Amino acid sequence: DYILTIRDTLGRIGEINQMRWDDVFFKEGFLVLYTRKKKGGNLTPRKIFMTDRLRECLLARFHKRLPGDRWVFTNRYFSRKMGKWTVGPYLDRKQLMKKLCKKAGLEYFRYHAIRHSGASALEKAGVSITAIQNILGHESRQTTEIYLHLVGGAERRAMEIFEKLK
């Protein structure tokens with residue numbers, strides 16, 4: 001579910017980790033991701049339309065969530081600061097990606113490669129750079145252009161293999 005959400009939103013890890021159920025609009029078919037990557041560091045929202053696959057995935061998660069869960073992807077951990085078990089959003093999922101890569105027989109790559117690969121796939125399919133820029137949440141067209149030219153063969157092969165995994 002986590003990887004699918006990253007893939008089908010092309011969201012940054014921090015945006016996905018902080019996503020709350022209040023940010024998911026099933027009937028309207030979109031979700032809102034928030035970033036601080038814009039000038040000034042203000043929290044900036046952007047609307048991402050959901051694929052049917054993502055909507056089904058998130059709807060299933062929504063129905064299975066524990067009462068009181070605010071985040072789409074929750075992490076139960078012991079808070080030394082509070083001295084008790086607590087639930088909150090994920091901060092880092094590096095170990096998950098390492099395990100998935102190992103299981104698939106791939107060299108480890110970071111989640112961010114999924115954004116690059118997705119942007120390149122959209123460009124290859126003829127989607128305008130402006131639309132890709134908006135989906136990725138880039139303020140600058142130049143940043144989007146960097147994404148479109150950095151994806152190498154290893155990442156492309158990794159995503160092709162990933163797509164075939166069940």
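Run down 131, 158 and say which single residue is small (Gly, Ala, Ser), assigned to a helix (DSSP H, G or I) and touching a residue at least 40 places away in the same chain (Cβ under 8 Å). Write out each step before concluding.
Details: 131 fails: touching a residue at least 40 places away in the same chain (Cβ under 8 Å).
Only one candidate passes the filter, namely 158.
Here residue 11 fulfils each of the conditions (1) modelled with pLDDT of 90 or more; (2) part of a loop (DSSP other than H, G, I, E, B); (3) surrounded by fewer than 17 Cβ atoms within 10 Å (Cβ to Cβ) apart from (3).
Given the criteria under 25 Å from residue 120 (Cα atoms) and not β-branched (Val, Ile, Thr), does residue 68 qualify? Before the answer, list the steps.
Working: under 25 Å from residue 120 (Cα atoms): no; not β-branched (Val, Ile, Thr): yes.
In short, no.
Being within 19 Å of residue 7 (Cα to Cα) and charged (D, E, K, R) is a description that applies to residue 115.
Here are some residues: 63, 149. Which one is at pLDDT 90 or above and over 20 Å from residue 14 (Cβ atoms)? Going through 63, 149 in turn, just one is at pLDDT 90 or above and over 20 Å from residue 14 (Cβ atoms): 63.
Within segment 70-95, the residues that satisfy the criterion of being out of contact with any helix residue (DSSP H, G or I) (no Cβ under 7 Å at 6 or more places or on another chain) and surrounded by 13 or more Cβ atoms within 10 Å (Cβ to Cβ) are 71, 74, 75, 87, 88.
Within segment 52-69, track down each residue that is assigned to a loop (DSSP other than H, G, I, E, B) and in contact with a helix residue (DSSP H, G or I) (Cβ under 8 Å, 6 or more places away or on another chain). Before the answer, list the steps.
As a first pass, look at segment 52-69 and keep what is assigned to a loop (DSSP other than H, G, I, E, B): 65-69.
Residues satisfying the conditions are 65, 69.
Anything in segment 47-69 that is closer than 30 Å to residue 132 by Cα and either out of contact with any Leu (no Cβ under 8 Å at 6 or more places or on another chain) or open to solvent by 40 Å² or more (accessible area, probe 1.4 Å) (or both)? List them, or say none. Walk me through it before giving the result.
Within segment 47-69, the subset closer than 30 Å to residue 132 by Cα is 47-62.
Those that are closer than 30 Å to residue 132 by Cα and either out of contact with any Leu (no Cβ under 8 Å at 6 or more places or on another chain) or open to solvent by 40 Å² or more (accessible area, probe 1.4 Å) (or both): 47, 49, 51, 52, 53, 55, 56, 59, 60, 61, 62.
The values are calculated or read from the model by the stated rules, or taken from the named source; none is laboratory data. Please read these numbers as outputs of a predicted model, since none were measured by experiment. For neighbour counting, all protein chains shown are included, and Cβ atoms are generated from backbone atoms with ideal geometry for every residue, glycine included. With ligands, DNA and RNA removed, areas are computed over all heavy atoms of the protein, side chains included. Shrake-Rupley method; radii C 1.70, N 1.55, O 1.52, S 1.80 Å.
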